[in-house]
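Only one structure is covered here, and it is reproduced in the block below.
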Amino acid sequence: MDEQDMNKTLEESYSISLDLLIKDLKLNEVYMPENREDIFISTREVNRPGLALSGFYGAFDQTRIQVVGTAEDEYLNSLSEDKKIKSIETFFAAKPKCVVNANNLSTFDDFIKFAEINNVPILSTSERTSAFTAALIAKLNLELAPRMGRHGVFVEIYGEGVLILGESGIGKSETAVELVKRGHRLIADDMVEIKKVSAIALLGSAPELTRHYIELHGIGIVDVRRIFGMGAVKMTEKVDLVIRLQEWIDGMQYERFGLEDEHMEIMGIKVPSITIPVKPGRNLAIILEIAAMNNRQKKMGYNAAAELNKRLMDQIEE
């Protein structure tokens, strides 16, 4: 099975319900339309509507959540009553997806009036505008991130998210169970959902249906959380390392020094990768532990293979 066959691309368009955002970000409801269950957010961008309130709508995106902060509040208060009402009326007539009032600013009665006319939700938070906007963007980036599915096993080893790939029956799940017994944590078995949460970070998790379950050939489905306890599982982890398990082939030359770094590209992001040949007698759990610790050392600036090579070269020069 090649790399493309092992990938399963999930839907390209995602959304999150406004009700879930309200719950997770602890927002207060100022006005909520009757069709609240039909309101979903599908864009990760957030907008401060200062330009819109001043009359410029050339780049206005009504699908974005609009965050009203102190600057917008003071601007509206600086206008005459007629101009203020006109500005708010025009703003809500553009039908933004949702308006959030930060800093617990006094909500103008006119906001509620025109929100009701245009069925636009108004929410509020006591958080400072910048802090709330950062939390909102982080939440939207996580929930609406582009994603894909990959056949494999995902575990956390010494704080490193390790994605284990290989042909069916090569021992991925058995290795994961051994790692769990050694104190590490299972995140996903069989299908790993990978989200691109930023330009440099991938986050792996299990589909809700199969979360905490693992399949062992000859035994069947096992609930890791119930057998080993809550400490044996984890919901998500960053993808730090990819390990390919491959059947040992006599005569094939395998990497022995690790001087050249290998990478696998996942959704445009290069992730360090290692190919480990599998044959009877090799303790894969210990090998994966060493691989995770070695990868961590490399991120901290120490490369054992490069250090040994430097010593050899220095000795040759002497």
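Derivation of every value follows stated rules applied to the coordinates shown; laboratory data play no part. Keep in mind it's a predicted model, so treat the numbers as computed, not measured. Cβ: placed from backbone, ideal geometry, glycine included. Neighbour counts: every protein chain shown.
If we count every other residue with Cβ under 13 angstrom of Phe132's Cβ, Lys/Arg +1 and Asp/Glu -1, where does the sum land?
Charge balance in the 13 Å sphere: +2.
Using only Cα atoms, locate the centre of segment 26-81 and the centre of segment 133-158, then give the distance between them in Å, rounded to an integer.
Value for the Cα centre distance between the two parts: 27 Å.
Which residue, Val192, Val99, Val222, tops the fluctuation ranking in a GNM of the chain built on C-alpha contacts under 10 Å?
Sorting by GNM fluctuation, first place goes to Val222.
Within the set of other residues whose C-beta is less than 15 Å from the C-beta of Ser80, count the net charge using Lys and Arg as +1 and Asp and Glu as -1.
-2
Can you work out the base-10 log of I(q)/I(0) for segment 16-143 at q = 0.16 1/Å, using the Debye formula on its C-alpha atoms alone?
Ignoring solvent entirely, the Cα scatterers give -0.73.
Segment 31-138: which GluC sites (Glu not before Pro) are DSSP loop and have at most 16 other beta-carbon atoms within 10 angstrom?
Glu34, Glu45
May I ask for the net charge around Arg36, where only other residues with Cβ less than 13 Å from the Cβ of Arg36 are counted and Lys, Arg are +1 while Asp, Glu are -1?
Charge balance in the 13 Å sphere: -3.
Between Gln297 and Thr70, how high is the FRET efficiency from 1/(1 + (r/R0)^6) when r is the Cβ-Cβ distance and R₀ = 35 Å? Nearest 0.05. Provide the component values of the computation, followed by the final result.
Working: r = 47 Å, r/R0 = 1.33.
Calculated transfer efficiency: 0.15.
Relative to the longest principal axis of the chain, what angle (0 to 90°, nearest 10) does the C-alpha long axis of helix 81-93 take?
40
Send over the semi-axes of the chain's equivalent ellipsoid, whole angstrom and largest first, taken as the square roots of 5 times the C-alpha gyration tensor eigenvalues.
Semi-axis lengths for the chain are 51, 23, 16 Å.
Label-point separation (nm) for Lys95 and Trp248, each offset 7 Å from Cα along Cα-to-Cβ?
6.6
For segment 189-318, divide the Cα radius of gyration by the Kirkwood radius and give the resulting Rg/Rh value with two decimals.
1.03
Which entries in the list Lys172/Lys270; Lys172/Lys234; Lys196/Lys270; Lys172/Lys298; Lys195/Lys298; Lys139/Lys298 go over 20 Å, if you measure between the two C-alpha atoms of each?
Over 20 Å Cα-Cα: Lys172/Lys270; Lys172/Lys298; Lys195/Lys298; Lys139/Lys298.
Given a Förster distance of 30 Å, report the FRET efficiency between Leu312 and Lys238 from their Cβ-Cβ distance, rounded to the nearest 0.05.
So, using R0 = 30 Å, E works out to roughly 0.30.
Based on alpha-carbon atoms only, what is the radius of gyration of segment 147-233 relative to the globular estimate 2.2 N^0.38 Å?
1.03
Please identify the chymotrypsin sites (Phe, Trp or Tyr not before Pro) of segment 84-159 that satisfy two criteria: DSSP loop assignment and at most 14 other Cβ atoms within 10 Å. Which are they?
Hits after loop and neighbour filter: Tyr158.
Let's see if you can work this out: charge +1 on each Lys and Arg Cβ, -1 on each Asp and Glu Cβ, no other charges. What is the dipole magnitude of the chain about its Cα centre, in debye to the nearest 20?
540
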